Amino acid sequence: MTPLPLPGESPELAGEYAAARAREGRVMAILRAMGPRPELVRAFVALAEAALYGPAAVGRRERELLALATSRANGADYSAEVHAELLDALGGGPDAGERDRALVDFARRLTLAPGEASAATAELRRHFGDEEAYDAIAVVGLLNLANRSALATRITAADDLR
């Protein structure tokens with residue numbers, strides 16, 4: 001089966017791709033997997049900035065742990081590689097402490113058994129406050145969107161644009 005073609009350099013995406021190069025030194029394939037519509041790429045970047053990189057009740061390392069656990073649960077190798085590198089840069093993990101175990105369990109359960117979302121959230125709240133639970137939900141939701149796009153388009157690191 002032929003993979004869905006990824007958008008390349010185009011006038012429509014020039015601004016988004018230039019911003020990506022300024023941010024990361026490249027256009028990560030996940031942006032290309034969002035398709036040819038600049039408004040979708042911009043919305044995804046804004047959501048990623050808010051959920052993963054902006055101020056939050058859950059720390060950066062723990063958000064990357066959630067991102068990695070979600071990507072691994074989905075079998076999304078591209079995303080798992082990216083988030084494993086980011087997690088390593090933030091001190092690695094999981095450290096097998098109670099908080100880390102709760103985050104990994106939550107990410108896996110919400111991803112693999114969405115019908116158990118309420119119960120998974122109740123379990124998470126045994127270890128985290130309400131604001132932290134909302135942050136965890138946002139990260140897992142974002143990564144499930146990204147993972148679905150990555151898997152549907154079959155992106156790899158070779159699809160990043162330098």
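Quick note: the coordinates plus some simple rules give every number you see, no bench work behind them. Just so we're clear, the structure is a prediction, and the values are computed from it rather than from any experiment. Here Cβ is always computed from backbone atoms with ideal geometry, including for glycine, and neighbour counts include all displayed protein chains.
In the stretch 14-159, if every C-alpha pair distance is counted and binned at 10 Å from zero, what percent goes to each bin?
12, 43, 34, 11, 1
Quick check: the distance between the Cα centres of the stretch 1-50 and the stretch 59-100, to the nearest angstrom?
Using only Cα atoms to place each centre, the spacing works out to 22 Å.
How large is ³J(HN,Hα), in whole Hz, for each residue of the stretch 35-46 in order, when computed from phi with the Karplus curve 6.51 cos²θ - 1.76 cosθ + 1.60 and θ = phi - 60°, using x for Gly and Pro?
Residue by residue, the stretch 35-46 yields x, x, 8, x, 5, 6, 4, 4, 5, 5, 4, 5 Hz.
Suppose each label sits 7 Å from its Cα in the direction of the beta carbon; what would the residue 90-residue 131 distance come out to in nanometres?
1.7
Quick one: what are the phi-derived ³J(HN,Hα) couplings along the stretch 89-102, Karplus 6.51/-1.76/1.60 with θ = phi - 60°, whole Hz, x for glycine and proline?
Taking θ as phi minus 60°, the curve returns 5, 9, x, x, x, x, 8, 6, x, 4, 5, 4, 4, 4 Hz for the stretch 89-102.
Taking the highest mean first, how do the peptides 56-64, 40-48, 94-102 order by number of other beta carbon atoms within 10 angstrom per residue?
Peptide ranking by packing, descending: 56-64, 40-48, 94-102.
To the nearest 500 deg cm²/dmol, what mean residue ellipticity at 222 nm is calculated for the chain from DSSP H runs of n ≥ 4 alone, each contributing -39,500 (n - 2.57), summed and divided by the residues?
-20000 deg cm²/dmol
Please sort 104-115, 67-78, 142-153, 122-133 by packing, taking for each peptide the average over its residues of neighbouring beta carbons within 10 angstrom, highest first.
The densest-packed peptide leads the list: 67-78, 142-153, 104-115, 122-133.
Mind ranking 26-33, 7-14, 154-161 by how tightly packed they are, going by the mean number of other C-beta atoms within 10 angstrom, highest first?
By packing density, highest mean first, the sequence is 26-33, 154-161, 7-14.
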